[in-house]
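The values are calculated or read from the model by the stated rules, or taken from the named source; none is laboratory data. Since the model is a prediction, treat every value here as computed from it, not as a measurement. Counting neighbours? That spans all protein chains shown, and the Cβs are built from the backbone with ideal geometry, glycine included.
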Amino acid sequence: MFGALVAAQIAWAAPEMIPLEAMDEVGHTASDFTVELREGGTFTLSEQQGKTVIISFWASWCTPCKKELPALSRLSEERKDLRFIAVNVDRDRAAAEKFLTALPEPVSSSLPIGFDNDAMALGGYSVTSMPTIFVIGKDGVTRFRKTGYSEQRGFVEILAAADGKPIPTFDNEKAAATPTPAAGKKP
Amino acid sequence: MKGYQRVALVLLVLLAVFGMGVGGLMSWHHDTQLYATDAQKGALIGCEEAEGVNCDIVNTSAWSEILGVPLGTWAIPFYGMIAVIAGLALTGQAGGGLLITLAGLGSVGFSGFLYYISVTELGNVCAWCMRLYAVNAATLVLGLASGVAAKPSSKLIGTALGAWFGVAVLAIGGQQLYKSSLLADGGPAADLGAKVAKLEGDPKGPAPTMSFTVTTEDKKEATFTLDADDAWKGNPKAKVAVVEFADLECGFCKRTSSEIARLYAAYGDRVLFVFKHFPMNPTCNPGVKNPKHRDACRAAHAAVCAQEQGKFWAFHDLAFKNQHQLGDEYLRTYAGEAGANLDTFNACYADKSKMELVRRDGEVGASLDIHGTPRIFINGKLYRSGASAEAMAKEIELALGATAEEAATKAGNLKDKAEVVGAIPADVPDMRTVTMDGLTVKIDTFEAAIVDGKAVSGKHNVPAIRTSWVTAKAACEAAGKRLCTEQEWVSVCQNAKAADDNQNGEYADDMIEGTAYPYADFHDKTRCWDGKEGDQFRPVYTGELPGCATPGGVYDLTGNVEEWVGDSAGKAVLLGGAWDTKDDHARCYRRNDTFGAGYANARTGFRCCGTP
C-alpha cells in the first residue's frame, strides 16, 4: 500500500520549477546601453550619472504607445530635472519613423528618441510587453518598472518613484490600456 | 420643422456617414482576413482581442456574409440610403422620419439577431459590430425624434430605393474588385508551395457493402448501409467497420482523427475504416440547421474531388493538419500536395454536382440523429468526440470475437504502445543526431544552461533565461558548437525536413511538413511545459517532462523557454513558445521575430547544434 502511494506520488509529482530568485530583476544596477538618437548623436545611460532617468521602451505596433509617447513628451517638458529617453525597439527603423510622423504632435526635444533596432539595449531589461517604463535612480539602480499605459493613471507611479515617494496602488482599477505583448504581435 | 427635428436629421446624416465608414472598414477586414497573404494582412484598429471579443472570428464567420458579400459591405448602401433620406428631409421633403424609423426598426431587429448569433454560435462579439448596433438604435430613436406623422411620398420612397441601389452597386462592385485584386496577388496560397513528398494513394475499388443496426444519439433504432462511393481504407472483407462522420473544419474531428489513425495502425489489416462527410453547414448538409463552420462545405467538396483521383486519405490528413487554413487556394494546394492532378481537381471543384455525395452523407447522418461531429460507429455502436483509441479498440476486439477480459487487455496494450513515456535515462547523451529526408542535424538533447560562459546540455539544469541571441551564440561557440538554424530546429521539432515553401528564408511560417508538436500532431497538455499562467508559474528544470520529446529523444523543444536560432543576427528568431504561451500555441511553428538579436527576458533561452 505504502509502495503504491509512493509510486503514485512519483507519477503525479509536478515538474520542478526553477528557483524564484532566478526570475528576480528589480533592484539591480540598470544595464548600461548606448543608442543612436533620432536627432543625431548617441545616448548612453552611464553618462547620465547624478540624474534620475526615465526610460520608455516602445514599438510602432504597440497601440497604447500612441498615447503614452505624447504624454511622456509633455511630462518631459514639465520635469526638466529628470532625464528622459524613449527607446524604439522595432527591427525596422522606417516603421518607427512612420509612427512618429503620424503622431498628432511632434515629440518634444526634451524627450530624445533612441533607436535600438537590434534590441541590444532592450535585452538588458527583460521586457515582455510594450510600452515598459523604467525609473533609474541617481545611483544607477532600477527603482521601478511599469508595463502598459493608462491615461487615467498617467505617470503617477513613475513620478512617485522618481521623487522617492511611496508608490500609490490602484487595486480597483481595470487596465485601461492593456499592454501589447511582444510575442502577441503576430498570430 | 422644429429645431430639435432639424438637429435629429443632421445627427442622422452624420451617423449614417459614420456607419458607411465602419461598413467599409469591416469589408476590408473581412476580405483581407480571408483572401490576403500574411504580408498583406493588417490589424483591425478599435477591436482589441479580449475574453469574448474577437473581430477576426465574428467578421469571417459563415454569418458574416449574405449572398457572398460581407455584411460590412451591405451596411454601406443601407446607411447611404439613411443619409439621403435625412438629407432630403432637411430640405423639407415630408415623410423622411417615418421611413428612417422603419429602417431603424428593421436594423435594430437585425442587430439583435446578429448579437444572438455572435454569442450563441460564435462565442464572441465584435467591437465594430457592437458600434453599428448602437448606430442602428440611435437611427431608430432619431428617426422617431425627427417626426413620423407625415407619410412619405412615392417619389421619396423611389429616391431612397434608388440611393440604396446606386450605393450598393458601387460598394459591392468595389468590394468584389478588392477581393479579386487580393486573389490576383496569389491569395493565401502565395504563402504555400508544394515540396513535401507525395502521400500514399487510396485503396482501389468501391467501398464494400455493409449494413449496421444503430441505437442513435436520440436512443432510437435505425439502420444504415455503406455507400459504394464512401471513402474507405483497411480491410474491405472485414467483419468490423469503423465509420466516422466528420467535418474537416471541426477541431474535435481533427483530434479524433489522430485516435483513429492509431486504431488504423493497429487494426488496418483486420478492420474496415470509412469516412462519411458531415460538414456543420446547412449549405451542403441537410442534416444541420445552423452554419457553424464556414469552410466545411468547400473542404468536403475538395475532399470529394481528391477522392475521385484516389487521393482522399492523403488530402484528409493534409486538411486536418492545416485546419487553420481551409480557403479555396489552400484546398487546391493540399490537393496538389496529395498528388492530385490539379486541372482535373479544378474542374471537379468548380462542379457543384460533386457535392451530391456530401449531401447524401448528411442525410444518412440526419437519419442517425447526429447532432454534432465527430460521431464514430463501430459496427453500429456510437462513440462521440473525446473517445480514446483504447476505448474504441475494446469495442473492435469484442466485435472481432475477443472475450471481455481479452478485449480489455488488448486495448490496454494499444495504450502501452502509444505512450512510450518513461523516465529519461540517466545516461542520455547531451546531443542527438537526427536524419530526415537527407538532412542530418546534431542538436542538444536539452535546452542549454550557461556555465562559465559555455552552453551546457544536460538533465536537471536551470535553462538559460534572459539570454539574447548574441549571448546564446557566444555560449554555443565557447562550447565548440553553434546556434541551430531555423531549418534544423524546425525539422527536428516536427520530425520532418522543413521546407521553405514560400522561399522567404523562413521555415516555420508556411506549410507544416511534419507534426505540429514534437510528440504528435495534436496538443497534449500533459506533455510539455506550456499553456501556464505567466504570473503563477516559471520555467522548469531541463528534462522535467519525459513526454515532451521527439521520437528521437530531443526534449522540451516546445514550451518552457523560447529558443533562439539563426546563423546571423538578421536571421535571429525565437521558436517554440514558452511556459506561458497560451492554450496550445507553443508549437513547432511558433515563430517570434518581433525584436532584434539583443532581445532577452525571462522567456528567452536556446539550445545549440553541432556538425554531424
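Does the range A:59-73 hold any residues that are surrounded by fewer than 20 Cβ atoms within 10 Å (Cβ to Cβ) and within 13 Å of another protein chain (Cβ to nearest Cβ), and which are they?
A:W61, A:T63, A:K66
Checking B:N341 against (1) under 24 Å from the mean Cα position of the chain (by Cα); (2) without any contact (Cβ under 8 Å) to a residue 40 or more places away in the chain, which test does it fail?
Failing condition for B:N341: (1).
Any residue in the range A:127-155 that is closer than 12 Å to A:K67 by Cα sitting within a Cβ distance under 6 Å of a residue that is part of a loop (DSSP other than H, G, I, E, B) and among the aromatic types (F, W, Y)? List the pairs, counting only those 6 or more apart or interchain.
What qualifies is A:P131/A:Y149.
Residues to consider are A:G41, A:G3; find the one that is out of contact with any Gly (no Cβ under 9 Å at 6 or more places or on another chain), surrounded by fewer than 11 Cβ atoms within 10 Å (Cβ to Cβ) and modelled with pLDDT of 95 or more.
Within the list A:G41, A:G3, the selection yields A:G41.
Take the residues in the range A:99-123 that are assigned to a helix (DSSP H, G or I) and within 13 Å of chain B (Cβ to nearest Cβ), then tell me which one is nearest to A:A160 (Cα to Cα).
A:L122
In the range A:128-138, is there at least one residue being surrounded by 18 or more Cβ atoms within 10 Å (Cβ to Cβ) and of a type in the set (K, R)?
For the range A:128-138, residues surrounded by 18 or more Cβ atoms within 10 Å (Cβ to Cβ) and of a type in the set (K, R): absent.
When residues of the range B:142-177 are filtered for being surrounded by fewer than 16 Cβ atoms within 10 Å (Cβ to Cβ) and part of a helix (DSSP H, G or I), how many remain?
Going through the range B:142-177 one residue at a time, the tally reaches 14.
Where the second residue is modelled with pLDDT of 85 or more and the first is not assigned by TED's automatic domain parsing to the domain that holds B:A160 and lies in the range B:16-41, which pairs have Cβ atoms under 6 Å and are six or more apart or on separate chains?
No pair meets every condition.
B:E486 fails exactly one of the following numbered conditions: (1) modelled with pLDDT of 95 or more; (2) more than 25 Å from the chain's Cα centre (by Cα); (3) more than 10 Å from chain A (Cβ to nearest Cβ). What is the number of that condition?
(2)
Listed residues B:G547, B:G531, B:G480; which is part of a loop (DSSP other than H, G, I, E, B), over 30 Å from B:E329 (Cα atoms) and more than 14 Å from chain A (Cβ to nearest Cβ)?
Answer to the selection: B:G480.
Can you name the strands (runs of 3 or more DSSP E) wholly within the range B:209-302 that have at least 3 residues being among the β-branched types (V, I, T)?
The qualifying strands (runs of 3 or more DSSP E) are B:211-215, B:240-246.
Using the structure shown, decide if A:S76 is of a type in the set (S, T, N, Q), more than 13 Å from chain B (Cβ to nearest Cβ) and either assigned to a helix (DSSP H, G or I) or buried (at least 16 other Cβ atoms within 10 Å of the Cβ) (or both).
Taking the combined requirement at face value, the residue satisfies it.
Condition first: out of contact with any Ser or Thr (no Cβ under 6 Å at 6 or more places or on another chain), buried (at least 21 other Cβ atoms within 10 Å of the Cβ) and either within 26 Å of B:P208 (Cα to Cα) or of a type in the set (G, A, S) (or both). Now tell me which residues in the range B:285-304 satisfy that.
Scanning the range B:285-304 gives B:N285, B:G287, B:A296, B:A299, B:A300, B:H301, B:A302, B:A303, B:V304.
Within the set of pairs 6 or more residues apart or between chains, which connect a residue that is more than 7 Å from every other protein chain (Cβ to nearest Cβ) and among the acidic types (D, E) inside the range B:593-606 to a residue that is in a loop (DSSP other than H, G, I, E, B) and crowded, with 24+ Cβ neighbours inside 10 Å with Cβ atoms less than 9 Å apart?
B:D593/B:A572
Go through (1) in contact with a Ser or Thr (Cβ under 8 Å, 6 or more places away or on another chain); (2) surrounded by fewer than 20 Cβ atoms within 10 Å (Cβ to Cβ) for B:F320 and report which single condition fails.
(2)
For B:P539, are the conditions met, namely being within 11 Å of chain A (Cβ to nearest Cβ), within 29 Å of B:G251 (Cβ to Cβ), crowded, with 24+ Cβ neighbours inside 10 Å and touching a residue at least 24 places away in the same chain (Cβ under 8 Å)?
So B:P539 fits the description; yes.
Of all the residues that make up the range B:350-371, how many are crowded, with 17+ Cβ neighbours inside 10 Å and not in a helix (DSSP H, G or I)?
3
Restricting to the range B:557-570, name every residue that is touching a Leu at 6+ places or on another chain (Cβ under 7 Å) and within 14 Å of B:E447 (Cβ to Cβ).
Passing the criteria: B:E562, B:E563, B:W564, B:V565.
Take the range A:79-90 and flag every residue that is crowded, with 20+ Cβ neighbours inside 10 Å and either within 13 Å of another protein chain (Cβ to nearest Cβ) or in a loop (DSSP other than H, G, I, E, B) (or both).
Correct list: A:V87, A:N88, A:V89, A:D90.
Which residue, of B:G531, B:G505, B:G547, is within 23 Å of the chain's Cα centre (by Cα) and at pLDDT below 95?
B:G531
Can you tell me which residue in the range B:41-78 is modelled with the highest pLDDT, limited to those that are more than 14 Å from every other protein chain (Cβ to nearest Cβ), part of a helix (DSSP H, G or I) and closer than 18 Å to B:A296 by Cβ?
Taking the candidates together, the pick is B:S64.
Check B:G453, B:G372, B:G401, B:G412 and return the single one that is modelled with pLDDT under 90, more than 27 Å from B:N285 (Cβ to Cβ) and not aromatic (F, W, Y).
So the residue among B:G453, B:G372, B:G401, B:G412 that is modelled with pLDDT under 90, more than 27 Å from B:N285 (Cβ to Cβ) and not aromatic (F, W, Y) is B:G412.
Hey, can you tell me all the residues within the range B:552-574 that are touching a residue at least 60 places away in the same chain (Cβ under 8 Å), in a loop (DSSP other than H, G, I, E, B) and within 13 Å of another protein chain (Cβ to nearest Cβ)?
Those that are touching a residue at least 60 places away in the same chain (Cβ under 8 Å), in a loop (DSSP other than H, G, I, E, B) and within 13 Å of another protein chain (Cβ to nearest Cβ): B:D556, B:N560, B:V561, B:G566, B:A572.
Which of the residues that make up the range B:460-477 are surrounded by fewer than 18 Cβ atoms within 10 Å (Cβ to Cβ) and closer than 20 Å to B:P429 by Cβ?
Residue satisfying the conditions is B:H460 alone.
Residues B:A520, B:A578: which one is aliphatic (A, V, I, L, M), assigned to a loop (DSSP other than H, G, I, E, B) and at pLDDT below 90?
B:A520
Quick one: how many residues across the range A:143-153 are within 24 Å of A:S46 (Cα to Cα) and within 14 Å of chain B (Cβ to nearest Cβ)?
2
Which of the residues that make up the range A:98-136 are in contact with a strand residue (DSSP E or B) (Cβ under 6 Å, 6 or more places away or on another chain), more than 21 Å from A:K51 (Cβ to Cβ) and among the polar types (S, T, N, Q)?
Of everything in the range A:98-136, just one residue is in contact with a strand residue (DSSP E or B) (Cβ under 6 Å, 6 or more places away or on another chain), more than 21 Å from A:K51 (Cβ to Cβ) and among the polar types (S, T, N, Q), namely A:S129.
Taking the stated definitions as given, is B:A347 without any contact (Cβ under 8 Å) to a residue 12 or more places away in the chain and surrounded by fewer than 18 Cβ atoms within 10 Å (Cβ to Cβ)?
Here the answer is yes, as B:A347 does meet what is asked.
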